[in-house]
Amino acid sequence: SLKEQHYYGALAAMDQQVGRLRNRLKELGVSENTLLWFNSDNGPEGTAGKEIGTAGPLKGRKRSLYEGGVRVPGLIEWPGRLSVARTIHAPCTTLDILPTILSAIGEELPPDLDGINLLPLLDGKTKTRSAPIGFESKNQSVWMEEKFKLLRFDEKEKGIRFELYDVTKDPGEKFDLSKSAQEVVVSMASDLEAWRKSVAADARRKDSRPNI
């Protein structure tokens, strides 16, 4: 179909252009000391079975905060520093890109960044993430730690409900643990609420700044 031609044509074009970039970096003699960072957009578009993209065994699609809507492949090439291939299993986020790059060039990190410096993970000095990840979209929000992922749904008439998954053992989010691990839900929900309030406070401060 025409839609499939556009879809796979876009993938082929992207692959070709990334190849051009890598070849040019080599021609310029700077590829060894260049950090090349790639990750895809989040979640396949449309309804499963009707659209081309797939999240494989993961639950959810674009605009969902289940893993199928937010988990994406990420690749880093940096021959001068990362000489050995390594797979990182700790959760990472695009919020980590800025602090990682700032750390790589020796700049001090601002205190109010949500992301973390990933260099210890990239260098193999640690295998675990040093801080949780929070994200929110409309009536859904998530607090994600190394093992557990808490989803918060605000369903208006029905109120607030939570789902809890062990994404290390259950990346497809088939087994909701919120009833059997209520102490984990309470603890993570408290941390999530504190993060949500901090985000709202930051938004209010930005809205109150004068336009220049």
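Work out the FRET efficiency for Arg161 and Thr94 from their Cβ-Cβ distance, taking R0 = 25 Å, and round it to the nearest 0.05.
Plugging the Cβ-Cβ distance into 1/(1 + (r/R0)^6) gives 0.35.
Taking the Cβ of Ile88 as the centre, find all other residues whose Cβ is under 10 Å away and add up their charges (Lys, Arg: +1; Asp, Glu: -1).
Once all neighbours under 10 Å are counted, the net charge is +3.
Out of the total accessible area of the stretch 29-82 (probe 1.4 Å, heavy atoms of protein only), what percent is carbon and sulfur?
Summing carbon and sulfur atoms, their accessible area is 53 percent of the total for the stretch 29-82.
If you take the C-alpha gyration tensor of the chain, multiply each eigenvalue by 5 and take the square root, what semi-axes do you get, largest first, in whole Å?
For the chain, the semi-axes come out at 32, 25, 19 Å.
Hey, can you grab everything whose amide H is under 5 Å from the amide H of Ser178? Only 5+ residues off in sequence or another chain; H modelled, so Pro and N-termini drop out.
Here the answer is Leu164, since their amide H atoms fall under 5 Å of that of Ser178.
Can you give me the accessible area per residue for the chain, using a 1.4 Å probe, in Å²? Let's see the in-between values first.
Values: 14230 Å² over 212 residues.
Ligands and nucleic acids excluded, the figure is 67 Å² per residue.
Of the beta bridges DSSP finds with both residues in the stretch 46-201, what % are antiparallel, to the nearest 5?
95 percent
Please state the shape class of the stretch 65-173: rounded when a/c is under 1.5, otherwise prolate if a/b exceeds b/c and oblate if not, all from the C-alpha gyration tensor. Don't skip to the end; give the middle numbers.
On the way: a/c = 2.75, a/b = 1.79, b/c = 1.53.
Prolate, since a/c reaches 1.5 and a/b exceeds b/c.
Straight distance only, please: which lysines reach the Cα of Lys158 with their own Cα at less than 26 Å, same-chain residues fewer than 8 apart left out?
Cross-link targets: Lys59, Lys62, Lys138, Lys149, Lys174, Lys179, Lys197.
Counting other C-beta atoms within 10 Å, and keeping those with at most 14, which DSSP coil chymotrypsin sites (Phe, Trp or Tyr not before Pro) do you find in the stretch 116-209?
Of the chymotrypsin sites (Phe, Trp or Tyr not before Pro), the ones in loops of the stretch 116-209 whose Cβ has at most 14 other Cβ atoms within 10 Å are Phe175.
Cross-link candidates for Lys169: which aspartates and glutamates have Cα within less than 16 Å, leaving aside residues fewer than 8 places away along the same chain?
Qualifying aspartates and glutamates at Cα under 16 Å: Glu67, Glu145, Glu146.
Rounded to the nearest percent, how much of the accessible area of the stretch 83-177 (1.4 Å probe, protein heavy atoms only) is carbon and sulfur?
The C+S portion of the solvent-accessible surface of the stretch 83-177 is 54 percent.
Please compute the contact order of the chain in relative form: average sequence separation of alpha-carbon pairs under 8 Å and at least six residues apart, divided by the residue count, as a percent.
The value is 12 percent.
Report, in deg cm²/dmol and to the nearest 500, the calculated mean residue ellipticity at 222 nm for the chain, where each DSSP H run with n ≥ 4 adds -39500 (n - 2.57) and the sum is divided by the residue count. Don't skip to the end; give the middle numbers.
Numbers: 5 runs with 69 residues, N = 212.
After summing the helix terms and dividing by residue count, I get -10500 deg cm²/dmol.
Suppose we flag trypsin sites (Lys or Arg not before Pro) only when DSSP calls them loop and at most 14 other Cβ atoms lie within 10 Å. Which is the longest uninterrupted stretch of the chain?
Longest stretch, sites excluded: 1-49.
The values are calculated or read from the model by the stated rules, or taken from the named source; none is laboratory data. The structure presented is a predicted model; accordingly, all values stated were derived computationally and were not measured. With ideal geometry, Cβ positions are generated from the backbone for all residues, glycine too; neighbour counts draw on all protein chains shown. Areas reflect the complete protein model, heavy atoms only, side chains present, ligands, DNA and RNA absent. Shrake-Rupley method; radii C 1.70, N 1.55, O 1.52, S 1.80 Å.
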